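The values are calculated or read from the model by the stated rules, or taken from the named source; none is laboratory data. Not measured: the values here are computed from a predicted model. FYI the Cβ positions are ideal-geometry reconstructions off the backbone, even for glycines, and counts take in every protein chain you see.
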Amino acid sequence: MSIFDFLRGEFIDVIHWTDDSRDTMVSRFEREGHAIKYGAKLTVREGQAAVFVHEGQLADVFEPGLYQLETNNMPILTSLQHWDHGFNSPFLSEIYFVNTRQFTDLKWGTRNPVICRDPEFGPVRLRAFGTYSLRVTDPAKFMVEIVGTDGDFTTDEITFQIRNIITTHFSQVISTSGIPVLDMAANNMDLAKIVHQRIEPMVAAYGLELINFMIENVSLPADVEKALDKRTSASVAGDLRKYTDFSAAEALTNSGEGNSGLSAGVGAGMGMAMADRMMRSGPWGRAPAAESGTPTPPPPPAADPRWHVAEGSVARGPFTQLQLEAMYREGKLTPQTLVWTPGSTGWAKAGGVEELTPIFGDVPPPIPTS
């Protein structure tokens, strides 16, 4: 190796970072075996920040731009090294490039169900998931609080911590919201705003900014969803006759897709049957007796009146008219006996009651005394 090759490897004139990945947040400038030349060019592109760390201490932070590394634009590093203004020797420092663009479509979700009290279903277990976006707003704080000496820091290393913060506050918000499960979808935006406001200060403590936070779905356990589907199906079915007709027509459509001739024949038969049913249907969905072929049953016989018989000051009964006839044959009932039945105006002599005259036949009434 020539002295020129050694010098080219020892001194670095241009420092920059290019990255085409979508998840790298921090990358350390590789300087193993190299020294940074005093007066070297530092290029910081848009969406980046360069952080100098000297002997374990955070030094200067450079925003996007082109810099010549000298004492006038490295004040912290100059004070740490006690450099004179005439210093022009190489120096050793770690340089970290921080990606300050937005990292979008980061996922979050509840690992365990959140138990809530629903006003309609009672205690329920809910799961939720969604997305969020963040970016680094304070590279120095982010390096100190999160990255440390990690030379290749990706979003996977921070999303786990952010996800824990999100799920903790989301569980508290949703369990105290009092929003019914069936109305969760209509309130996702409001819930997301509340969770965003609660976790934003905690994320800012890491030098990060939470750009947006979205709740995509809040779901019930599979068994509960099946039961809810059955309940919805029963409610939609309503009239079982109409639901049966609809199901039969739908099954016919699905089964006849591959056989147009069969579909046409069976469809015509079912159409005629359904039309006949509709023609014969009455106001309440029942065919009239005269058209259905079933004879109309006779009306039920009228109820036999019940009679009460007065024996002195005691009322006996009730008796049927057949029982009264037996009592007349036994001599226990005469035309002068007082009788009463529900609906009558009062007690009357049996012989004067039109309904009971067949019992006494042609017996003449008693001759009145003068």
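Which residues, taken from region 131-154, are surrounded by fewer than 20 Cβ atoms within 10 Å (Cβ to Cβ) and modelled with pLDDT of 90 or more? Correct list: T131, S133, R135, T137, D138, A140, K141. Is it fair to say F52 is assigned by TED's automatic domain parsing to the domain that holds L208 and hydrophobic (A, V, I, L, M, F, W, C)? No: the conditions fail for F52. Residues in region 199-218 that are under 22 Å from the mean Cα position of the chain (by Cα) and closer than 21 Å to P113 by Cβ: F213, M214, I215, E216, N217, V218. Considering region 33-84, the qualifying strands (runs of 3 or more DSSP E), each wholly inside and each with 3 or more residues that are crowded, with 17+ Cβ neighbours inside 10 Å, run over 35-44, 48-54, 57-62.
Quick check, is I158 modelled with pLDDT under 90, within 30 Å of I95 (Cβ to Cβ) and in the same structural domain as M143 (by TED's automatic domain parsing)? Yes: the conditions hold for I158. Each residue in region 159-176 was checked for being surrounded by fewer than 17 Cβ atoms within 10 Å (Cβ to Cβ), touching a strand residue (DSSP E or B) at 6+ places or on another chain (Cβ under 7 Å) and closer than 17 Å to A205 by Cα, and 0 of them qualify.
Could we say that E145 is more than 30 Å from D223 (Cα to Cα), in contact with a Phe, Trp or Tyr (Cβ under 9 Å, 6 or more places away or on another chain), charged (D, E, K, R) and in a loop (DSSP other than H, G, I, E, B) here? No. Exactly one residue out of N164, N187 is under 19 Å from the mean Cα position of the chain (by Cα) and either part of a helix (DSSP H, G or I) or at negative phi (or both): that is N187.
If you go through region 29-77, how many residues are of a type in the set (D, E) and within 23 Å of T137 (Cβ to Cβ)? Total meeting the criteria: 3.
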